[in-house]
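What follows is calculated from the coordinates using simple rules that are stated; it is not laboratory data. Since this is a predicted model, take the numbers as computed values, not measurements. Because the Cβ atoms are built from the backbone with ideal geometry, glycine has one as well, and the counts that use them run over all protein chains shown.
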Amino acid sequence: MRCPVCGNEVSETHKFCPRCGAAVSGEASGFIMATTPSIPGYRIKKVLGVVTGLTPRTRGVLGRFVAGIESMFGGEVTAFTTELEKARMEAMERTRGKALNMGANAIVGLDLEMSDLGFQMGIVVVSATGTAVVVEPEEKD
């Protein structure tokens, strides 16, 4: 199966595209996530509340080794880029799942944040927070 947004090949078991995050199947298809406080062409019918998805991530020994070698040459550290992208998608999917469980069909005001827990452990926490809402298309005149 292919993602309807980016064309990426997606496994039948996935609800969302691992590359762009678009819904590819099931009840999540048609679900809207926006960083803006409103969605053009839609009216917020009901506000259900705040939803948050968190995912803590770390690289294993091999990942840290590869990142160390990449950092010696400068430029992008792809070992971390891949892991951070996975963490972002997972946090968004967890947020979407919580909103769906509340009866929402959209999230507005989505905010993504990353923080380092430090402690020399290399743990990064990715957080996705937004407002779960029920939207309906605006009537056209």
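Some observations on this one:
- Extension reserve of the T52-T35 stretch, reckoned as 0.36 nm per residue once the Cα distance is removed: 4.8 nm
- Protection proxy ranking, peptides 48-55, 101-108, 133-140, average beta carbon neighbours within 10 Å, highest first: 101-108, 48-55, 133-140
- In this label model, I123 and K140 are separated by 5.1 nm, measuring between points 7 Å along each Cα→Cβ vector.
- Here's how it looks for V10: its modeled amide H is under 5 Å from those of R2, C3, which are all 5 or more places away or on a different chain.
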